[in-house]
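**Q** Before I ask anything, here is the structure I am working with.
Read-outs throughout are calculated quantities, based only on the coordinates presented, and are distinct from any laboratory measurement. Since we're looking at a predicted model, the values are computed, not measured. Cβ placement follows ideal geometry from the backbone for every residue including glycine, while neighbour counts extend to all protein chains displayed.
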Amino acid sequence: MSRAIPKRPWCKHLHRSAALKANPFAHSRLVAESPGTDPAPRLRGVLSTIIDALRENHGAAQYQRLLTLTFLQGPLTREAAAARHNLSYSTFRRRLPQALALVREELWARELHGKNSS
């Protein structure tokens, strides 16, 4: 798999099974090793696990909360997610790419080196 995969296709479609099935990571080794047969919920589960694991890293806990409220807990607008965090929208927009980068790097690390790479 190429690391040239678009940076945020999963987060925009986390609750849309057809779009997740089309995601290149839906057919990755990491997802294939997950329980179940349908790649969409398996990829959703892998991403949820990675996001939840950010809570354990003290410096990344703020990003875990940001990603959970923005992508895992229903379809909110980004403005609403920023308000739920008591953040200005500009601060939210600045932190979101950092949070997504943490997930992307952990996803690649787990894909290349196994589930317990962190």
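**Q** Quick one: if the Förster radius is 22 Å, what FRET efficiency do residue 17 and residue 52 give, using the C-beta to C-beta distance and rounding to 0.05?
**A** Details: r = 20 Å, r/R0 = 0.93.
Calculated transfer efficiency: 0.60.
**Q** With axes computed from alpha carbons, what is the tilt in degrees of helix 39-53 against the longest principal axis of the chain, rounded to the nearest 10 within 0 to 90?
**A** In the chain, helix 39-53 runs at an angle near 50 degrees to the longest axis.
**Q** Could you grab the relative contact order for the range 9-113? Cα pairs under 8 Å, six or more apart, rounded to a whole percent. All intermediate terms of the calculation are to be shown ahead of the outcome.
**A** Details: 90 pairs, mean separation 23.0, N = 105.
Computed value for the range 9-113: 22 percent relative contact order.
**Q** Could you list the square roots of 5 times each eigenvalue of the Cα gyration tensor of the range 9-113, that is, the equivalent ellipsoid semi-axes, sorted largest first and rounded to whole Å? All intermediate terms of the calculation are to be shown ahead of the outcome.
**A** Details: eigenvalues 118, 49, 22 Å².
In descending order, the three semi-axes are 24, 16, 10 Å.
**Q** Go ahead and estimate [θ] at 222 nm for the chain from helices alone: -39,500 (n - 2.57) per DSSP H run with n ≥ 4, summed, over the residue count, rounded to 500. Provide the component values of the computation, followed by the final result.
**A** Numbers: 7 runs with 68 residues, N = 118.
Result for the chain, helices only: -16500 deg cm²/dmol.
**Q** Next question. Against the longest alpha carbon principal axis of the chain, how many degrees, from 0 to 90 and to the nearest 10, is the axis of helix 89-113 turned?
**A** In the chain, helix 89-113 runs at an angle near 20 degrees to the longest axis.
**Q** If you take the beta carbon distance between residue 105 and residue 32 as r and set R0 to 22 Å, what does 1/(1 + (r/R0)^6) give as a FRET efficiency, to the nearest 0.05? Intermediate results must be reported in sequence, preceding the final value.
**A** Numbers: r = 20 Å, r/R0 = 0.93.
Once the sixth-power term is evaluated, E becomes 0.60.
**Q** Here's something else I'd like to know. Which net charge results for the neighbourhood of residue 68, defined as the other residues with beta-carbon distances under 12 angstrom from its beta-carbon, given Lys and Arg at +1 and Asp and Glu at -1? Walk me through the numbers on the way to the answer.
**A** Working: positive: 55, 65, 84; negative: 52.
For residues surrounding residue 68, the net value is +2.
**Q** Then there's this: How much net charge surrounds residue 88 when only the other residues with a Cβ under 15 Å from the Cβ of residue 88 are counted, with Lys and Arg +1 and Asp and Glu -1? Walk me through the intermediate numbers first.
**A** On the way: positive: 78, 84, 93, 94, 95; negative: 79.
Once positives and negatives cancel, what remains is +4.
**Q** Net charge near residue 44: determine it from the other residues with C-beta under 11 Å of the C-beta of residue 44, scoring Lys and Arg +1 and Asp and Glu -1.
**A** Numbers: positive: 16, 21, 42; negative: 38.
Combined, the nearby Lys, Arg, Asp and Glu give +2.
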